[in-house]
Amino acid sequence: MTGLRELQRRRVHEAISAAAIRLFLERGFDAVPVAEIAAAAGVSKPTLFKYFPSKEDLVLHRIADHLGESARVVREREPGRSPLEALRRHFLDRLAAHDPVTGLNDHPEVVAYHRLVFSTAPSLLARLHQHMARDEEALAEALTVTHDDLTAALLAGQVMATQRVLARRNWSMLAEGRPMAEVEQEAVRAAGQAFAMLSA
C-alpha cells in the first residue's frame, strides 16, 4: 500500500508540474493563475499547494531536483581526486549527457523553459536565487572537509557562479539558433577554460 500511495503521489506531482509548465510556456508565468493550473491538472487548489508551496515552485522544482548535487559529487568523489577535479569531471559528464541543467539541450521545450526562468517575473528570479544560495551553502559545507571555512565558502561561491555562467551561455547560444554540435564543442572548451581558472 505504501508503494501504491507513493506511485499515486508521484503521478499527481507530475500531472501538476506538466500542466503548469505547459501553461506557463504558452502564456507566460504572470498570466496563468494557480487555480487554472489546478483545474488543468484535475486537482483542487489546496491539493496543488500540498505538492508545491508556491507558484514559483511550480517552475523551479525541476532545478530544485538538482539541489545538493555539487555537494554530493564532492562527498562521493574517488579517493585521490580533488574536489575541483571531481566537479569538473561531473560538469563535463553532464554536458555529454545534454543535461538541461547545463543549458546544453536544444529540445524546444527545454530552450523555452530556460527562457521562462531567465526572462520572467522578479519573484521567480528571487526564488531561484534562494535555491542557488542553499546549493552554495551545501557545497561549502562539503568542502570544509578539505578546506578551512573561508576557503570553502569562497570556492563554493566561485564554482556555483561558474556553473551558472556556463549554463546560461550554453542556453543563449542555442536560443540564438546556433547548431547543437557547434555549441557543444564551444561548451566543452569553455568549461575547460573555466575550471582551469578556478584551479589557478
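The values are calculated or read from the model by the stated rules, or taken from the named source; none is laboratory data. From a predicted model like this one, the values you see are computed outputs, not experimental measurements. In this analysis, Cβ positions are derived from the backbone assuming ideal geometry, glycine residues included, and neighbour counts consider all displayed protein chains. The protein model used for the area step is the full one, side chains on, heavy atoms only, and it has no ligands, DNA or RNA in it. Shrake-Rupley method; radii C 1.70, N 1.55, O 1.52, S 1.80 Å.
Tabulated data
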{"read-out": "Failed condition for ILE21, given (1) loosely packed, with under 13 Cβ neighbours inside 10 Å; (2) within 17 Å of GLU109 (Cβ to Cβ); (3) of a type outside the set (Gly, Ala, Ser)", "value": "(1)"}
{"read-out": "Failed item in (1) farther than 30 Å from HIS147 by Cα; (2) assigned to a helix (DSSP H, G or I); (3) open to solvent by 60 Å² or more (accessible area, probe 1.4 Å); (4) not hydroxyl-bearing (Ser, Thr, Tyr), with PRO53 passing the rest", "value": "(2)"}
{"read-out": "Flag for THR162 being outside any helix (DSSP H, G or I), in contact with a helix residue (DSSP H, G or I) (Cβ under 8 Å, 6 or more places away or on another chain) and open to solvent by 20 Å² or more (accessible area, probe 1.4 Å)", "value": "no"}
{"read-out": "Residue match in the stretch 112-124 (condition: under 21 Å from SER17 (Cβ atoms) and either open to solvent by 60 Å² or more (accessible area, probe 1.4 Å) or without any contact (Cβ under 8 Å) to a residue 24 or more places away in the chain (or both))", "value": "yes"}
{"read-out": "Odd one out for GLU136, checked against (1) among the acidic types (Asp, Glu); (2) open to solvent by less than 30 Å² (accessible area, probe 1.4 Å); (3) without any contact (Cβ under 8 Å) to a residue 40 or more places away in the chain; (4) over 26 Å from GLU182 (Cβ atoms)", "value": "(2)"}
{"read-out": "Matching residues in the stretch 1-14 - criterion: being within 20 Å of the chain's Cα centre (by Cα) and either outside any helix (DSSP H, G or I) or surrounded by 15 or more Cβ atoms within 10 Å (Cβ to Cβ) (or both)", "value": "HIS13"}
{"read-out": "Search result, residues across the stretch 165-200 that are open to solvent by 70 Å² or more (accessible area, probe 1.4 Å), without any contact (Cβ under 8 Å) to a residue 60 or more places away in the chain and not basic (Lys, Arg)", "value": "VAL165, GLU176, PRO179, ALA181, GLU182, GLN185, GLN193, MET197, ALA200"}
{"read-out": "For ASP30: the one exception among (1) open to solvent by 50 Å² or more (accessible area, probe 1.4 Å); (2) over 20 Å from VAL111 (Cα atoms); (3) outside any helix (DSSP H, G or I)", "value": "(2)"}
{"read-out": "Any chance PHE91 is within 30 Å of SER199 (Cβ to Cβ) and surrounded by 15 or more Cβ atoms within 10 Å (Cβ to Cβ)", "value": "yes"}
{"read-out": "Scope the stretch 81-131; condition in a helix (DSSP H, G or I), within 14 Å of GLN163 (Cβ to Cβ), at pLDDT 85 or above and of a type in the set (A, V, I, L, M); matching residues", "value": "LEU84, ALA86, LEU87, LEU92, LEU95, VAL101"}
{"read-out": "Tabulated pairs, the stretch 64-80, first within 13 Å of ASP135 (Cα to Cα) and part of a helix (DSSP H, G or I), second open to solvent by less than 70 Å² (accessible area, probe 1.4 Å) and of a type in the set (D, E, K, R), C-beta under 8 angstrom, 6+ apart or interchain", "value": "ALA64/ASP57; GLU69/ASP135; SER70/ASP135; ALA71/ASP135"}
{"read-out": "Complete set of residues in the stretch 34-49 that are outside any helix (DSSP H, G or I) and among the aliphatic types (A, V, I, L, M)", "value": "VAL43"}
{"read-out": "For ALA41: the one exception among (1) small (Gly, Ala, Ser); (2) open to solvent by 70 Å² or more (accessible area, probe 1.4 Å); (3) under 30 Å from GLU6 (Cβ atoms)", "value": "(2)"}
